[in-house]
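The values are calculated or read from the model by the stated rules, or taken from the named source; none is laboratory data. Predicted model only: the values in this text are computed from it and were never measured. All Cβ positions, glycine included, derive from the backbone under ideal geometry; neighbour counts span all protein chains shown.
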Amino acid sequence: MPFILLVRHGENNFVGKRLAGRLPGIHLNQRGRQQAEALKEILVKAPIKAIYSSPLERAMETAQPLADALKLAVKPIPGLLEVDFGRWQGKTAKQMHRLKLWKTVKEQPSQMRFPEGESFAEAQHRVVACLEEIRTIWDDKSLVACFSHSDSIRLALAYYLAMPLDAFQRIGIDTASISLLHLGNDGPALLFMNQRTHFEWPEPHKETV
């Protein structure tokens, strides 16, 4: 069963300001493009056999420099998409904090369904099903990369760590960070999590969904 690199997309102008969700046309900003190049330099010597990505632009653009360097195609997979936040997409943190459902998001995410969107439980099932499908394709010595989104990666890691869904937001996944899962026959193993291309003292915590 394979080793799977879970890579969050690079920075864009919505990060820390608005909930991007699945809105189209959100591209990497200058720093995000620099992060994508830094990821390429770190991963280009790794024996990566395939590159999968959420179809959203910011994820595909993060994956592309590495794919070009390795002469691999980026394969878009809907299972790696961001959570469908429905009518919450595009809202600012301040706007979300005013909503009655915000308390559910923070205290009981397992009970949260976004208006006209997914529940966190459905999103977790979708992402895990995608990774399990990838798992069946590759042997236990293969390394593949999956470019996705913060909540999607956090939900997947919570599942493989046997964490309650209500605790998944305790996991931190920064832009352009790398986590490594091994989905072995003896059970999953998280080999490292949220590794960044360089160390930065973190800014004060910003609320995210």
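Brief remarks on what is shown
- Cβ pairs under 8 Å, 6+ apart, first in segment 29-45 and within 18 Å of His149 (Cα to Cα), second among the β-branched types (Val, Ile, Thr) and not in a loop (DSSP other than H, G, I, E, B): Gly32/Thr62; Gln35/Thr62; Ala36/Thr62; Leu39/Val7; Leu39/Thr62; Leu39/Ile178
- Residue check for Lys49: at pLDDT 95 or above, among the charged types (D, E, K, R), closer than 26 Å to Glu133 by Cβ and in contact with a Ser or Thr (Cβ under 9 Å, 6 or more places away or on another chain): yes
- For segment 183-193, the set of residues classified as assigned to a loop (DSSP other than H, G, I, E, B) and either touching a Phe, Trp or Tyr at 6+ places or on another chain (Cβ under 8 Å) or of a type in the set (S, T, N, Q) (or both) consists of Asn185 only.
- All of (1) over 16 Å from His149 (Cα atoms); (2) without any contact (Cβ under 8 Å) to a residue 24 or more places away in the chain; (3) charged (D, E, K, R) hold for Glu122 with one exception: (1).
- Qualifying position, being of a type in the set (Lys, Arg) and within 28 Å of Leu72 (Cα to Cα), among Arg170, Arg135, Arg113: Arg135
- Entirely in segment 1-118, the helices (runs of 4 or more DSSP H) that have 2 or more residues that are in contact with a Phe, Trp or Tyr (Cβ under 7 Å, 6 or more places away or on another chain) and crowded, with 21+ Cβ neighbours inside 10 Å: 57-70
- Residue, surrounded by the fewest Cβ atoms within 10 Å (Cβ to Cβ), within segment 143-183, restricted to residues that are of a type in the set (A, V, I, L, M, F, W, C) and without any contact (Cβ under 8 Å) to a residue 24 or more places away in the chain: Ala162
- Condition check for Leu180: in a strand (DSSP E or B) and modelled with pLDDT of 95 or more: yes
- Members of segment 134-151 that are closer than 16 Å to Thr62 by Cα and not hydrophobic (A, V, I, L, M, F, W, C): Ser148, His149, Ser150
- Among the residues of segment 135-160, the ones that are among the aliphatic types (A, V, I, L, M), assigned to a helix (DSSP H, G or I) and under 15 Å from the mean Cα position of the chain (by Cα) come to 5 in all.
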